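Enquirer: Handing you a structure now.
The values are calculated or read from the model by the stated rules, or taken from the named source; none is laboratory data. Not measured: the values here are computed from a predicted model. Cβ placement follows ideal geometry from the backbone for every residue including glycine, while neighbour counts extend to all protein chains displayed. For the accessible areas, the whole protein counts, side chains as well, though only heavy atoms, and no ligand, DNA or RNA atoms are used. Shrake-Rupley method; radii C 1.70, N 1.55, O 1.52, S 1.80 Å.
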Amino acid sequence: MARVEISQLEKSYDDVDVVRGIDIDIPDGEFVVLVGPSGCGKSTLLRMIAGLEGITDGEIRIDDTVVNDIAAKDRDIAMVFQNYALYPHMTVAENMSFALKLKGEPKPRIDDAVKRASAILGLDALLQRLPKQLSGGQRQRVAMGRAIVRDPKVFLFDEPLSNLDAKLRVQMRSEIKELHQRLKTTTIYVTHDQIEAMTMADRIVVMQGGVVEQMGAPLELYDKPANVFVATFIGSPSMNLYPGTVETSEDGLVVRTEEGATMPLPPDRKDLVGSRIVYGIRPEDIVVGSGPGAIARISTVEPTGAETLLLCKVGKVSTVVVSRERVTLGPGSDIALTFPTERLHLFDQATGRRL
Amino acid sequence: MTEPMSGAASLQRPSLPMKGRRKKQTYHYPGTAWLMVAPAVLFFCVFVFYPVANAIYVSFTSWDLVSPPKFVGLRNYIRLFSDKSFLNSALVTIYYTLILIALELPLALGLAILLDRKIKARGLYQAIIFAPAVLTMVAVAMIWRVVYTPVGGLYLMFTEPFGIAGLQWLNDKDLAMPAVLIVSVWKNVGYYMVIFLAGLQAIPTSYYEAARMDGAGSWKLFRHITLPLLKPFILFVTVVSIIRASQAFSLFYSLTNGGPASATKVLPYMIYEVAFGFNRMGYASAMAVVMFGVLLVLTAIQFRVLRPQS
Amino acid sequence: MTITASENQATAVRRNAKSRRRKLKPDPQGILIHALLIFASAIIVSPLLWMVVTTMKEQQDIFTKPLWYIPPQPRLFENIQHVFNKIDFIRYFLNSLIVSTSITVLDLFFSSMCGFALAKYRFPGRDIVFGSIIATMMIPFIVILVPQYILVRDLGWLDSYAGLIIPAAISSFGIFMMRQAFLGTPDELLEAARIDGASEWRILFQIVLPMHVPSLISLAILRFLGEWDSLLWPLVVTNGENMRTMSLGLALLQDDRYGTDIPMLMTAATLALFPIVVVYAFLQRYFIKSVAGSGLKQ
Ligand SMILES: Nc1ncnc2c1ncn2[C@@H]1O[C@H](COP(=O)(O)OP(=O)(O)OP(=O)(O)O)[C@@H](O)[C@H]1O
Ligand SMILES: [Mg+2]
């Protein structure tokens, strides 16, 4: 149970700045997911919170205590690693009890804690096994068990599910979520999978190049991405973007793309006339059928069952459309696309910021 | 898809100004790490580096261990190159090393190839042929000294069918070195065989299968697959066996005592004798330094020659 | 489905027939291979067998009786007595055991420590330390024999266990071997232990070392055998009976110029080799693995 405050945090290796001034305030009990492309500094940030990595500048506080100079073992945190990092020569029970033993807890207390954790995670039958005798999913659970047993202030996860197959990943995802709802321990979870982020997080922190691009509840990020990067990173398939210039035409306010296509804008954005913007719309927000919009030529049709993915061209610009209706048209045919103006995302072309 | 678009609109983020104050980064445990290496570092300084430096120093002196060392400049080295017994020892060492390698490496490789397949009693063969490698050298020398007894020695089992008997193995200056070589091969061949076998087993069988499908015969397989892939092992074994052979002492000490007539007086034996038999520390050190230099050059050449491609 | 099944059956039948034929009439290549290997094994074994046979003989049997003659009343017991009369065999044996074991234990301890730091920490001077330790592998012992003798003499360790043990206590080979082994340990394992509250020393001794027992066994075997075998150093630093090791004792035993008692020598050799052969018989897999692994690992 703890609040984690990160302020002006920086990390450099020699000349390379890996984390560049990060501020995050995580209230007690929150489940925060750090997402971002590979190499953006997620693991580094997590490892600094854990105390595994030195801090170049800035501050980390856990429960109002600055922990910059406190060793990992004294921060009262627990971490689950991507490759599980189970001690190979210790049984499941020994793995889980190691930390408590080092703390000098009395034996009955340790046994109790191990029993409780193994009951929560369904590990009872496996306690006397060695890690090499477990499946990937079971190892993952043991790694979580090792964290739970200590009843830490903060849980840290670094891509804990990426070594599992797709099905198991979905299952473990909900198990971790349930676990959090049950224990209410502050959790910081790193992933590069935005679906994991969307489904698990109370709050998502999107990072890129060592800085935070946006923080917020999953749907907040989805509905109101703060910039072009977040817009493309959150949501799958990612948002369609068309750079262009805002003009007034006989149809009202429009964006004229570089290829000459025009896209409708809501009439209340007169303030943008003449500026160069990026016009964005999510594939699932585009409506197939008549209305104010554009004519597109279908190049590929990808039915996934529940919905159909249409890859088409508006002029020369690729556009992805997700349609919940069955589409009977084949490649090469033309369709009319409607861009509902209330679902548009507009960004400044120079800064990438949301307008 | 949308890639070109998002690229066009990518963010230009001004890089943050570098902060002046940078805290030292911890968590690399330099203190603990140094504590862990300290005993070894101290040990190597005292028992290796200091002695090496001292050896070089002593090689420029004349010293009998009793009176203080007397600096004599290059005299030891100059004398070395006109010293017939030193040159003899150098030749004997080279002779022993080269012949030994020429004998034991092909033999070890051959045995390894014989064992690199699923045959009955494979483990037993391997255990027997490797066994001499674990036996105490001095005891082995004792056994062979008796095997070489001119009358009644076990060697007769192999020579008598050819009508040869009464060989003075250890007292004939033409037979003494062959006698030592036989013992060395007997003792070492299993050792190198095991290393080669490890190398052979590291070659994936799919290579052989692919080559066989291309119509390669046994010799071609050996020549074009086994040998090239075994090259690092051959390099390793050659380097190791040169180092071991050129430093061999126990066998010579306990089998031939360097005799007869210095026919088996290899350099380590001679250095030992000059130092602790004649108490000429300076001269012995000069010999050791020269030997060290030659070995270094040899090893460097070997790595050059045997490792160009890889 | 049915087709493949019957096909499989057919090939199985054919294979069975083939293997049966092979069993009945072994291929000539197989015979040749076994013949060569049996020949090689015989050459390896015959001196050792003959040594054992000789322990039962009398001196004159050597010259007058056939090579493999075993007397009706084996004189093994008398020969053993001769050995014990002549040399303090037990003492030499114990000395060797003490010296070799101490060196092995010290080397395992310090090499693991040093190898671990070199493999798993970044600290100033690491590359220099590693490079210079590896470089010492190139130095022949004979080069430092004289100065090391002088050093040990100056330290007052001549003719003592310290003089026999300490100068050999840490090997660059051991450090190199343990470092290679530790390099493969994932960093996350150490970090998990760190978070669990283990100190760096505890991580080494309780987490990392237990994972590398096979490497430790290999190093122990190679080191112990090497030291058990060493002759030159004991020859130089000891001068009395008390500190003589097995190798040295045997070497001096056969230096006896007053007519060698061959059966006695062979008995001494047998006694000296017997423990090694017994240990080897039980642990030969480990012995062979140690040497096989000392080659190259990529
Ligand atoms: N020890 C180091 N020395 C120098 N640079 C490093 C070091 N460790 C990490 N980096 C760099 O820091 C950056 C961030 O690394 P980090 O591991 O935090 O990325 P990540 O966001 O976790 O990526 P991934 O999704 O691939 O795990 C990378 O560009 C990496 O190259
Ligand atoms: Mg990472």
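Enquirer: Just by accessible area at a 1.4 angstrom probe, what is the order of B:ARG244, C:ARG75 from largest to smallest? Please list the in-between numbers first.
Expert: Details: B:ARG244 95, C:ARG75 65 Å².
Putting B:ARG244, C:ARG75 in descending order of accessible area: B:ARG244, C:ARG75.
Enquirer: What does DSSP give for region A:4-233 in terms of the percent of beta bridges that are antiparallel, rounded to the nearest 5?
Expert: If we restrict to bridges inside region A:4-233, about 55 percent are antiparallel.
Enquirer: Continuing with this model, one more query. Just counting partner chain Cβ atoms within 10 Å, what average do the residues of peptide A:110-120 show around their Cβ?
Expert: Details: counts 0, 0, 0, 0, 0, 0, 0, 0, 0, 0, 0.
Rounded to a whole number, the mean comes out at 0.
Enquirer: Give me the percent of the accessible area of region C:83-177 that comes from carbon and sulfur atoms, probe 1.4 Å, all protein chains in place. Show your work: numbers first, answer last.
Expert: Numbers: 2440 of 3550 Å².
The computed percentage sits at 69.
Enquirer: Work through the residues other than A:ILE110 whose Cβ is under 15 Å from its Cβ and net out their charges, Lys, Arg +1 and Asp, Glu -1.
Expert: Details: positive: A:LYS101, A:LYS103, A:LYS107, A:ARG109, A:LYS115, A:ARG116, A:ARG146, A:ARG150; negative: A:GLU94, A:GLU105, A:ASP111, A:ASP112, A:ASP151, C:ASP196.
Neighbourhood net charge equals +2.
Enquirer: Heavy atoms of the protein only, probe of 1.4 Å, neighbouring chains included. What is the accessible area of C:LEU216 in Å², nearest 10?
Expert: 30
Enquirer: Would you kindly state how much longer the chain becomes between A:ARG61 and A:ASP151 on full extension, computed as 0.36 nm times their sequence separation minus their alpha carbon distance, in nm to one decimal? Intermediate results must be reported in sequence, preceding the final value.
Expert: Numbers: separation 90, 0.36 × 90 = 32.40 nm, distance 1.87 nm.
In short, 30.5 nm is gained.
Enquirer: Would you mind working out the accessible area per residue for the protein assembly as shown, using a 1.4 Å probe, and quoting it in Å²?
Expert: On the way: 43950 Å² over 963 residues.
Roughly 46 Å² per residue, with all protein chains present.
Enquirer: Once Rh for chain C is found with the Kirkwood sum over Cα pairs, what is the Stokes-Einstein diffusion coefficient at 20 °C and 1.002 mPa s, in µm²/s?
Expert: On the way: Rh = 24.0 Å.
Approximately 89 µm²/s, per Stokes-Einstein.
Enquirer: If you don't mind, there's one more thing I want to ask. Computed on protein heavy atoms with a 1.4 Å probe, what is the summed buried accessible area for the chain pair C and B, in Å² to the nearest 100?
Expert: Details: alone 19280 and 20220 Å², together 31230 Å².
Using a 1.4 Å probe on protein heavy atoms, the buried area is about 8300 Å².
Enquirer: Let me ask you something else. Going by accessible area, probe 1.4 Å, with all protein chains left in place, what is the ranking of B:VAL37, A:VAL273, largest first? If you can, show how the numbers build up before the last one.
Expert: Details: B:VAL37 0, A:VAL273 70 Å².
My answer, sorted largest first, is A:VAL273, B:VAL37.
Enquirer: Considering the dipole of region B:83-279 built from charges on the beta carbon (Lys and Arg +1, Asp and Glu -1) around the Cα centre, which of B:GLY258, B:ALA165, B:VAL183 is farthest to its positive end?
Expert: Farthest towards the positive pole: B:VAL183.
Enquirer: Distance in nm between label sites at C:ASP187 and C:LEU76, each 7 Å beyond Cα in the beta-carbon direction?
Expert: 6.1
Enquirer: May I ask you to rank C:SER112, A:SER299 by accessible area, largest first, using a 1.4 Å probe over the protein chains only? Walk me through the numbers before you get to the answer.
Expert: On the way: C:SER112 0, A:SER299 60 Å².
Greatest to least solvent exposure: A:SER299, C:SER112.
Enquirer: Going down the list A:LYS153/A:LYS177; A:LYS107/A:LYS153; A:LYS115/C:LYS120; A:LYS101/A:LYS132; B:LYS265/C:LYS65; A:LYS42/A:LYS184, which pairs span over 26 Å between their C-alpha atoms? Don't skip to the end; give the middle numbers.
Expert: Working: A:LYS153/A:LYS177 17 Å; A:LYS107/A:LYS153 22 Å; A:LYS115/C:LYS120 34 Å; A:LYS101/A:LYS132 23 Å; B:LYS265/C:LYS65 35 Å; A:LYS42/A:LYS184 23 Å.
Beyond 26 Å: A:LYS115/C:LYS120; B:LYS265/C:LYS65.
Enquirer: While we're here: List, by residue number, every residue in region C:89-116 with a reduction of 10 Å² or greater in accessible area between the chain on its own and the complete protein assembly, 1.4 Å probe.
Expert: C:PHE110, C:MET113, C:CYS114
Enquirer: On to the next question. In whole Hz and in residue order, list the ³J(HN,Hα) couplings for region A:192-203 that follow from phi through the Karplus curve 6.51 cos²θ - 1.76 cosθ + 1.60, θ = phi - 60°; x for Gly and Pro.
Expert: 10, 9, 5, 5, 4, 4, 4, 7, 9, 7, 6, 9
Enquirer: Still on this structure: Kindly compute the accessible surface that chains C and A hide from a 1.4 Å probe when together, both sides summed, and give it to the nearest 100 Å². Don't skip to the answer; put the middle values down first.
Expert: Details: alone 19280 and 16730 Å², together 34390 Å².
For C against A, buried area totals roughly 1600 Å².
Enquirer: Under a 5 Å amide H to amide H cut-off, with H placed in plane at 1.01 Å, what residues pair with A:LEU355 once short-range neighbours are removed?
Expert: Long-range HN contacts for A:LEU355: A:LEU346, A:PHE347, A:ASP348.
Enquirer: So if I place +1 on the C-beta of Lys and Arg and -1 on the C-beta of Asp and Glu, and nothing else carries charge, what would the dipole magnitude of region B:83-279 be about its Cα centre? I want it in debye, nearest 20. Could you put the intermediate results ahead of the total?
Expert: Details: 14 positive and 9 negative charges, 100 e Å.
Computed charge dipole of region B:83-279: roughly 480 debye.
Enquirer: Mind grabbing the accessible area of B:LEU42 for me, 1.4 Å probe, Å², rounded to tens?
Expert: So the heavy atoms of B:LEU42 present about 120 Å² to solvent.
Enquirer: Could you give each residue of region B:268-277 its phi-based ³J(HN,Hα) in whole Hz, using Karplus coefficients 6.51, -1.76, 1.60 with θ = phi - 60°, and x for Gly or Pro?
Expert: Result, rounded to whole Hz: x, 5, 5, 4, 4, 5, 5, 6, 9, x.
Enquirer: Can I ask one more? Alpha carbons only, please: Rg and Dmax for chain A, in angstrom.
Expert: In order Rg, Dmax, the Cα atoms of chain A give 24.5, 81 Å.
Enquirer: How compact is the protein assembly as shown by the rule of thumb for globular proteins, expressed as Cα Rg over 2.2 N^0.38 Å?
Expert: Details: Rg = 38.3 Å, N = 963, 2.2 N^0.38 = 29.9 Å.
In units of the 2.2 N^0.38 Å rule of thumb, it is 1.28.
Enquirer: On to the next question. Under a cut-off of 25 Å between alpha-carbon atoms, report the lysines in cross-link reach of B:LYS231, not counting same-chain residues fewer than 8 places apart.
Expert: B:LYS118, B:LYS187, B:LYS220, C:LYS289, C:LYS297
Enquirer: Got a sec to turn the phi values of region A:217-227 into Karplus ³J(HN,Hα) couplings, 6.51 cos²θ - 1.76 cosθ + 1.60 with θ = phi - 60°, whole Hz, x for Gly and Pro?
Expert: Once rounded to whole Hz, the list reads 5, x, 6, 4, 5, 6, 7, 10, x, 6, 7.
Enquirer: Right, here's the next one. Considering every Cα-Cα pair within region B:175-310, what fraction, in whole percent, is farther apart than 18 Å? The partial results should precede the final answer.
Expert: Numbers: 6199 of 9180 pairs.
Tail fraction, whole percent: 68.
Enquirer: Quick one: which residues, 5 or more positions from A:GLU213 or on another chain, have an amide H under 5 Å from its amide H? H modelled 1.01 Å from N in the peptide plane, none for Pro or chain starts.
Expert: Close amide H contacts, sequence-distant or interchain: A:VAL206, A:MET207, A:GLN208.
Enquirer: Continuing with the same structure: Let me check I've understood the local charge: for A:SER323, count other residues with C-beta under 12 angstrom from its C-beta, Lys and Arg +1, Asp and Glu -1. What total comes out? Present the calculation step by step, with values, prior to reporting the outcome.
Expert: Values: positive: A:ARG324, A:ARG326; negative: A:GLU284, A:ASP285, A:GLU302, A:GLU307, A:GLU325.
In short, -3.
Enquirer: Moving on. Based on the mean of other Cβ atoms within 10 Å per residue, sort peptides C:55-63, A:167-175 so the most packed one is first. Can you show the working numbers first?
Expert: Working: C:55-63: 17.4, A:167-175: 15.1.
Packing proxy ranking, top to bottom: C:55-63, A:167-175.
Enquirer: If you build the Cα gyration tensor of chain B and take the root of 5 times each eigenvalue, what three semi-axes come out, in whole angstrom, biggest first?
Expert: Numbers: eigenvalues 453, 278, 64 Å².
Taking √(5λ) for each eigenvalue gives 48, 37, 18 Å, largest first.
Enquirer: Here's another thing I want to ask about it. Provide the FRET efficiency to the nearest 0.05 for the C:LEU32-A:GLN128 pair, computing r from the beta carbons and using R0 = 41 Å. It would help to have the intermediate numbers written out before the result.
Expert: Working: r = 52 Å, r/R0 = 1.26.
Plugging the Cβ-Cβ distance into 1/(1 + (r/R0)^6) gives 0.20.
Enquirer: Note the full-extension length gain between A:ILE195 and A:ASP15 as 0.36 nm times their separation in residues minus their Cα-Cα distance, in nm to one decimal.
Expert: Taking 0.36 nm per residue and subtracting the Cα distance, the gain is 61.4 nm.
Enquirer: Mind listing the long-range amide H neighbours of A:PHE31? Cut-off is under 5 Å, sequence gap 5 or more, other chains count too, H placed in the peptide plane at 1.01 Å from N.
Expert: Sorted by chain and number, the residues that satisfy this are A:THR187, A:ASP202, A:ARG203.
Enquirer: Okay, next question. Tell me the carbon and sulfur percent of the accessible area for region C:182-298, rounded to whole percent, probe radius 1.4 Å. Don't skip to the end; give the middle numbers.
Expert: On the way: 2820 of 4640 Å².
Its accessible area is 61 percent carbon and sulfur atoms.
Enquirer: Taking the Cα centre as origin and putting +1 on Lys and Arg beta-carbons and -1 on Asp and Glu beta-carbons, what dipole magnitude results for region C:87-253, to the nearest 20 debye? All intermediate terms of the calculation are to be shown ahead of the outcome.
Expert: Values: 10 positive and 13 negative charges, 23 e Å.
Rounded to the nearest 20 debye, it is 100 debye.
Enquirer: Got a number for the accessible area of A:LYS73? Probe 1.4 Å, square angstrom, nearest 10.
Expert: Counting only protein heavy atoms, A:LYS73 exposes about 90 Å² to solvent.
Enquirer: Only helical DSSP H runs with n ≥ 4 go in: add -39500 (n - 2.57) per run for chain C, normalise by residue count and round the 222 nm mean residue ellipticity to 500 deg cm²/dmol.
Expert: Details: 14 runs with 212 residues, N = 298.
That comes out to -23500 deg cm²/dmol.
Enquirer: Still on this structure, I have one more. What is the spread of the Cα atoms of region C:87-253 along each of their three principal axes, largest first, in whole Å?
Expert: Over region C:87-253, Cα extents along the principal axes are 58, 32, 24 Å.
Enquirer: Using a 1.4 Å probe over the heavy atoms of the protein chains, calculate the carbon and sulfur portion of the accessible area of region A:4-233 as a whole percent.
Expert: Values: 4270 of 8780 Å².
Carbon and sulfur atoms account for 49 percent of the accessible area of region A:4-233.
Enquirer: Explain nothing, just the number: dipole magnitude of the protein assembly as shown about its Cα centre with +1 on each Lys and Arg Cβ and -1 on each Asp and Glu Cβ, in debye rounded to the nearest 20.
Expert: On the way: 94 positive and 81 negative charges, 567 e Å.
That gives a dipole near 2720 debye.
Enquirer: How much FRET efficiency would the formula 1/(1 + (r/R0)^6) give for A:SER162 and A:ASP268, where r is the Cβ-Cβ distance and R0 is 60 Å, rounded to 0.05? Intermediate results must be reported in sequence, preceding the final value.
Expert: Working: r = 44 Å, r/R0 = 0.74.
Using R0 = 60 Å, I get an efficiency of 0.85.
Enquirer: Next question, about the same structure. Give me the percent of DSSP beta bridges within the protein assembly as shown that run antiparallel, rounded to the nearest 5. All intermediate terms of the calculation are to be shown ahead of the outcome.
Expert: Numbers: 63 of 80 bridges.
Within the protein assembly as shown, antiparallel bridges account for around 80 percent of the total.
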